[in-house]
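Asks: One structure is given below, represented as structure tokens, and several questions about it will come after.
The values are calculated or read from the model by the stated rules, or taken from the named source; none is laboratory data. All values derive from a computational prediction rather than experimental measurement. Note: ideal-geometry Cβ built from the backbone for every residue, glycine included; neighbour counts use all protein chains shown.
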């Protein structure tokens, strides 16, 4: 497989890694999982994280073809429309965004103006769909379990797995959000583990597990298969489901899940302004 060039950007507030991925031969690029800064106390947004990514794209003179979210994130707001406005590209996400929009559109009572057909995005990736970033072939793999719409994007020798996997010392994604399922996640991970051992895996989050000194964002299929504390080779499906279900029962909700999902189900657009010109985010009470 052809090697993709990858530059990571880390937002320490949300522990999120975003990526610029490009073909060195052509300068064609994609952006994965960009971050819009959000201060929950004040309700203010900022673009510091996204601007660093945009500055890199411009400095490298890259041509962005895609601005992709691997799934509807629950821990940060997507900056995809801002990145698109700055450097171009088509907004993409997995086609099962429709399932997420249906579930959360009803939860947030988004109203008849909110479409649950994925049309807020420019492109909805299907499982197994192939596309190009310059001369590098990419494949979209449907890897649900954390959410129904999670996709892994294999770009040459690099796999962008979203929240499906973490560094081996931290494990795997939670499965207790609406539409999540631990058994489904196990099978999705096995699809990733079937990739060549040397495949580079780029992660969406890291939390410096086990006292590790530095944040990390890259591992390999071989390292995950041999050392992932939740799902290494030899861990069976039922054992994983028991572990994941018990662990999820102890976890608090992500701090930004309510604002993040409202924005991200809209392809990163903020809710429409009300008649006073102000945009609002809703807080559903006693719903989680």
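Asks: Restricting the search to the stretch 168-210, which residues are at pLDDT below 95 and over 16 Å from residue 73 (Cβ atoms)?
Replies: 208, 209, 210
Asks: Tell me yes or no: at least one residue of the stretch 29-40 is assigned to a loop (DSSP other than H, G, I, E, B), surrounded by 24 or more Cβ atoms within 10 Å (Cβ to Cβ) and on the phi > 0 side of the Ramachandran plot. Walk me through how you get there before you give the answer.
Replies: From the stretch 29-40, those assigned to a loop (DSSP other than H, G, I, E, B) are 33-34, 40; that's our starting set.
Narrowing further to those that are surrounded by 24 or more Cβ atoms within 10 Å (Cβ to Cβ): 33-34.
When the remaining residues are screened for being on the phi > 0 side of the Ramachandran plot, the result is 33.
So far as the stretch 29-40 goes, yes, one or more of its residues are assigned to a loop (DSSP other than H, G, I, E, B), surrounded by 24 or more Cβ atoms within 10 Å (Cβ to Cβ) and on the phi > 0 side of the Ramachandran plot.
Asks: Can you pull out the residues in the stretch 165-177 that are in contact (Cβ under 8 Å) with a residue 60 or more places away in the chain, within 14 Å of residue 245 (Cα to Cα) and part of a loop (DSSP other than H, G, I, E, B)?
Replies: 171, 174, 175, 176, 177
Asks: Which residue is farthest from residue 89 (Cα to Cα), if the candidates are limited to the stretch 136-161 and must be assigned to a loop (DSSP other than H, G, I, E, B) and touching a strand residue (DSSP E or B) at 6+ places or on another chain (Cβ under 8 Å)?
Replies: Among those that are assigned to a loop (DSSP other than H, G, I, E, B) and touching a strand residue (DSSP E or B) at 6+ places or on another chain (Cβ under 8 Å), it is 143.
Asks: Can you name the condition, by its number, that residue 65 falls short on among (1) out of contact with any helix residue (DSSP H, G or I) (no Cβ under 6 Å at 6 or more places or on another chain); (2) part of a helix (DSSP H, G or I); (3) over 29 Å from residue 283 (Cβ atoms)?
Replies: The failed condition is (2).
Asks: Of everything in the stretch 139-151 that's surrounded by 22 or more Cβ atoms within 10 Å (Cβ to Cβ) and within 15 Å of residue 66 (Cβ to Cβ), which residue is farthest from the chain's Cα centre (by Cα)?
Replies: 140
Asks: While we're here: In the stretch 261-288, which residues are surrounded by 11 or more Cβ atoms within 10 Å (Cβ to Cβ), within 28 Å of residue 122 (Cα to Cα) and more than 23 Å from the chain's Cα centre (by Cα)?
Replies: Of everything in the stretch 261-288, those that are surrounded by 11 or more Cβ atoms within 10 Å (Cβ to Cβ), within 28 Å of residue 122 (Cα to Cα) and more than 23 Å from the chain's Cα centre (by Cα) turn out to be 272, 279, 280.
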